[in-house]
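The values are calculated or read from the model by the stated rules, or taken from the named source; none is laboratory data. Computed from a predicted structure; not experimentally measured. Positions of Cβ are backbone-derived with ideal geometry, glycine not excepted, and every protein chain shown enters the neighbour counts. For accessibility, only protein heavy atoms count, side chains too; no ligands or nucleic acids. Shrake-Rupley method; radii C 1.70, N 1.55, O 1.52, S 1.80 Å.
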Amino acid sequence: ICLLIFIAGLILGYDARQIFVTAVAISVAIIPEGLLIVMTVILAFGMQRILEEKALTKQLLAAETLGSTTVICTDKTGTITDGEMRVVELATLDYNFKLFAEQTKKDDQGGNELIKLLKIGVLCNNAYIENPEVGLEHRIVRGSPTEKALLMMGANVGLEKNKLEKEEPRLAENPFDSAWKFMLTLHKGKEENWAYLKGAPEVVLSLSKYIYSDEKRGEIEISPKEQERLLAVHEEMSKKGLRVLALAYKKISNKIKTLEGWEQKDFVFVGLAGIKDPLRSEAPKTIREVREAGIQTVIITGDHELTARTIAKELGMPAEAKNIMNGERLAKITESELMAVVPEISIYARVAPEDKLKIVKAWQDRGEVVAMTGDGINDAPALKKANIGIAVNSGTDVAKETADIVLLDNNFATIAKAVREGRVIYDNIKKVVFYFLSDGLAEVITVGIGMLLGWPLPLLASQIIWINLIDDTFPGIAMAKEPAESNIMKQRPRKLSEPILNRESFVLIGAISLLSAAGTLFFFRFFWQQTGDINLGRTVGFTFLAINTLIYIFSARNFYRPIWQTNIFNNKSLLLAVMVGFAMQAFAIYNGLAQKVFQTVALGWEAWLAIILSCILIIATVEAIKLFYSRKNV
């Protein structure tokens with residue numbers, strides 16, 4: 001366009017030097033070279049706001065991609081729940097112990113079974129107490145939430161880990177892994193060594209041949225009937241939303257000091273521990289808000305599917321049989337089959353970390369933008385594959401290094417807040433692009449039409465550069481601090497393929513540019529003809545274009561609401577930038593030195609009144625177009 005203006009200017013007889021400088025000035029005006037800076041500022045401010053919500057964004061672009069999220073795949077423990085687990089029920093073959101407020105029921109019967117059960121829970125455990133010398137209520141416990149709960153339950157009945165480990169030092173350990181779903185430790189005893197097993201009830205039962213019973217005076221072989229009874233108790237606990245662990249032991253030769261060289265089976269089953277992890281108080285509301293924002297939440301957990309289903313019901317999520325898939329079925333299903341059913345699945349239970357990668361891929365194959373949470377080393381491939389990888393702060397260094405975002409408070413609500421800020425970032429980028437293009441195009445049309453009409457240049461190169469300076473710098477940067485629109489979490493997520501400017505935006509850009517150019521040409525021609533002073537004509541046109549751009553930015557702040565329904569005081573930076581713009585324009589037309597540089601003259605109140613009234617007319621036209629599209633989209 002600028003090249004055409006230069007060639008047309010030469011053909012029409014304009015001064016070659018003047019038309020060349022003007023073409024260059026127009027290129028500076030219409031090419032939004034400040035957009036790179038403003039976009040970076042928008043992203044940086046967005047990252048700062050996300051950090052204030054307790055999420056650390058590691059990459060600038062990740063902050064914007066959040067706004068396009070359509071699916072959030074999240075762990076349950078610590079993100080949707082409090083992560084402060086507490087043992088609330090213990091069950092053995094003969095007894096069921098209900099625990100309230102960390103107090104055990106006083107009962108002489110079943111004491112041996114209870115002690116054995118809790119002893120295994122304390123020793124087959126990597127959590128530890130930093131200050132065991134203080135009272136229980138002041139102790140600082142480190143470790144996973146599940147193991148912390150077992151450790152504190154043992155301490156409540158006098159089973160202190162440091163004392164037990166002096167009596168039975170640990171010789172070896174097979175740490176918990178979701179692939180085999182159990183943890184195994186080996187301890188040195190006085191006469192024999194002891195292997196302690198803790199894990200998923202169905203796995204521990206499959207590795208056990210015997211069961212401990214006070215009533216039957218020791219270890220007896222598990223019968224099918226007893227297995228059914230224990231699994232029924234497990235199912236009842238799971239229906240209450242409890243995480244259930246089974247605990248068992250095995251005596252082995254004191255010559256064996258490693259976990260190799262002996263059969264890891266025929267254990268003695270002791271009992272079950274039901275651990276309650278209450279929902280975060282804000283979780284149901286957050287899930288509902290996310291759903292209203294057009295985002296589907298998917299819970300991925302290692303818990304039993306009954307536990308996961310209970311939690312899902314409490315959250316108000318779909319929890320029918322068709323909405324739940326366990327790890328066994330997920331391992332057998334093909335990728336194409338999973339892609340077909342994945343929209344219905346809201347809960348994945350008893351899954352391994354590698355299953356997360358399969359779930360992410362299935363959603364992405366359907367064109368969805370997926371955010372995935374994770375904490376372990378094995379979660380890293382899924383975090384990397386997801387559009388947004390989110391690591392919890394309590395997770396491993398590998399997970400946090402791979403992720404795009406780190407949740408500093410491990411809270412699902414923080415993900416929702418980060419998504420909201422991602423949408424704000426995208427909206428602000430869209431507004432700035434819209435504003436820059438409207439301003440630059442108006443200048444091109446003004447100069448182009450003026451030349452076609454055979455007039456002297458309506459705007460000089462210096463004036464074009466000045467408009468670009470006062471309109472596209474401070475106001476553009478101030479737009480980076482635009483607050484969220486009130487309905488931002490009611491909108492549907494945008495598609496990644498969606499252009500940044502839609503049809504409505506182009507209509508508005510066209511209307512603003514044409515009206516601004518028409519106003520500039522009118523003022524230039526009118527005041528020039530009336531007074532014979534071309535500098536006065538240019539000054540009025542120059543001032544109208546600069547002031548009009550500073551005023552319609554308030555209309556560009558919101559594409560959905562009229563200007564009178566927006567709070568002009570909730571972005572004080574923008575108000576300050578506009579006032580600075582007015583002051584700079586006044587300097588350009590009233591300062592003696594500036595008048596020589598820009599070839600301007602001082603304006604009277606009549607000219608200012610005409611300029612302000614014309615700006616209001618353009619704002620009214622823009623608002624009418626916005627109103628038309630808002631009603632059309634209802």
The chain, accessible area per residue, ligands and nucleic acids excluded (1.4 Å, Å²): 45 Å²
DSSP bridge pairs, the chain: antiparallel proportion in percent, nearest 5: 70 percent
Relative contact order computed over the chain (Cα-Cα under 8 Å; 6+ residues apart), in percent: 16 percent
At R0 = 30 Å, FRET efficiency that the Cβ-Cβ distance of Asp94 and Glu133 yields, to 0.05: 0.25
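Figure the gain on full extension for Glu401 and Trp262 (residue separation times 0.36 nm, minus the Cα-Cα span) and round it to one decimal in nm.
46.2 nm is the gain from fully extending Glu401 to Trp262.
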Sites Val24 and Lys251 - FRET efficiency at Förster radius 60 Å, r taken between beta-carbons, to 0.05: 0.10
Structure-based [θ]222 nm, the chain - -39500 (n - 2.57) summed over DSSP H runs of at least 4, per residue, nearest 500: -16000 deg cm²/dmol
Theoretical FRET efficiency, 1/(1+(r/R0)^6), r = Cβ-Cβ of Lys490 and Glu165, R0 60 Å, to 0.05: 0.60
On Cα atoms only, tilt of 35-52 relative to the major axis of the chain in degrees: 30 degrees
Positive dipole terminus of region 1-110, leading residue within Ala62, Ile11, Ala23 (C-beta point charges): Ile11
Theoretical gain in end-to-end length, Ser630 to Glu228 [0.36 nm per residue, Cα-Cα removed]: 138.5 nm
Pairs beyond 26 Å (Cα-Cα), from Lys216/Lys239; Lys166/Lys257; Lys76/Lys239: Lys216/Lys239
Glu84 versus Leu501: modelled label distance in nm, points set 7 Å from Cα along the beta carbon direction: 5.3 nm
Accessible area of region 423-474 belonging to carbon and sulfur atoms, whole % at 1.4 Å probe: 83 percent
Sulfur and carbon atoms: percent of accessible area, region 325-384 [1.4 Å]: 51 percent
Mean separation of Cα contacts under 8 Å (6+ apart) over length of region 224-382, as relative contact order %: 20 percent
Length-normalised contact order for region 517-634 - Cα pairs under 8 Å, 6+ apart - percent: 30 percent
Selection of chymotrypsin sites (Phe, Trp or Tyr not before Pro), region 536-634, meeting DSSP coil and at most 11 other Cβ within 10 Å: Phe569
Rounded tilt (10° steps) of 572-590 against the dominant C-alpha axis of the chain: 20 degrees
With every protein chain in place, region 245-295: carbon and sulfur % of accessible area (1.4 Å): 47 percent
Acute angle (nearest 10 degrees) that the helix 16-30 long axis makes with the longest principal axis of the chain, alpha-carbon atoms: 30 degrees
